[in-house]
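These notes are about the structure you will find just below.
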Amino acid sequence: MKIPKVLKLTHTLYTMQEIEVKILEIDVPAFKRKLASIGAKKVFEGNIIASKFDTPTKQLEKNDQLLRLRTRGDIVELTFKKKQKSTQAKIVEETEVTVSDYKAMKTILQEIGFIESGKQHKTRISYALGDDVHIEIDTFPGIPPFAEIETHNLKRLKEVVALLGYTMEETKPWSGSKVIEYYKRKK
């Protein structure tokens, strides 16, 4: 199969530790007001389409790893995540690069043997709090809206959860897929 055009990397490859929790069933207008009151700034609002890729034998899933290709507005990102063990928060080592063409990158992944193992569509509103915290409001079809709080250390995560008026006991150390599974089981 011919690859439609050459991909170019548009941003530097980076690796970081991502520490996050979810807060389920938020009241979106009240949550937005709280974000404004603590100084969070809106940095994105739009649709996200994320495709997960794995080997035919699901080796990545078996090893708590994820390979994701997603569009976030006009931006296309290829991300590899490796989950770390934790009970308080979801902790992953994340390596990500921005690429220029979703379809071409998908073709490359499939040509080297990966299969698309899942696809998600969601609406996201993203906020930044300083330069070390990202707070997302995600809405999936048929699921109550939820928030994701992400930073690079557990102490800061706990501080932000408290600033937003929650306790760590009210959060979930889940992935977006786990949130979807939770609501499917509730139906």
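The values are calculated or read from the model by the stated rules, or taken from the named source; none is laboratory data. Predicted model only: the values in this text are computed from it and were never measured. Positions of Cβ are generated from backbone atoms using ideal geometry, with glycine treated the same way; all protein chains shown enter the neighbour counts.
Assess whether Thr57 counts as being more than 21 Å from Gly176 (Cα to Cα) and touching a Pro at 6+ places or on another chain (Cβ under 9 Å). In short, no. For segment 105-119, the criterion of being of a type in the set (Phe, Trp, Tyr) and either under 30 Å from Ile38 (Cα atoms) or touching a helix residue (DSSP H, G or I) at 6+ places or on another chain (Cβ under 7 Å) (or both) is met by no residue. Could you please let me know if Glu136 is assigned to a strand (DSSP E or B) and either in contact (Cβ under 8 Å) with a residue 40 or more places away in the chain or in contact with a Leu (Cβ under 6 Å, 6 or more places away or on another chain) (or both)? No. Scanning segment 139-159 for residues that are of a type in the set (S, T, N, Q) and assigned to a helix (DSSP H, G or I) turns up nothing. Any chance segment 160-174 includes a residue that's buried (at least 17 other Cβ atoms within 10 Å of the Cβ), on the phi < 0 side of the Ramachandran plot, in a helix (DSSP H, G or I) and over 19 Å from the mean Cα position of the chain (by Cα)? Yes, segment 160-174 has at least one match.
The set of residues in segment 119-136 being at pLDDT below 95 and over 14 Å from the mean Cα position of the chain (by Cα) consists of Gly130, Asp131, Asp132. In segment 96-107, the residues that are at positive phi never reach a residue that is basic (Lys, Arg) and assigned to a loop (DSSP other than H, G, I, E, B) with C-beta atoms less than 7 angstrom apart, at least six apart or across chains. When segment 109-153 is filtered for residues that are surrounded by fewer than 18 Cβ atoms within 10 Å (Cβ to Cβ) and over 24 Å from Asp74 (Cβ atoms), the ones remaining, listed by number, are Glu111, Ile112, Gly113, Ile115, Ser117, Gly130, Asp132, Gly142, Pro144, His152, Asn153.
Note on segment 47-105: among residues that are among the basic types (Lys, Arg) and in a loop (DSSP other than H, G, I, E, B), the one that is modelled with the lowest pLDDT is Lys85. In segment 33-88, the residue that is surrounded by the fewest Cβ atoms within 10 Å (Cβ to Cβ) out of those that are of a type in the set (Gly, Ala, Ser) and touching a strand residue (DSSP E or B) at 6+ places or on another chain (Cβ under 6 Å) is Gly73.
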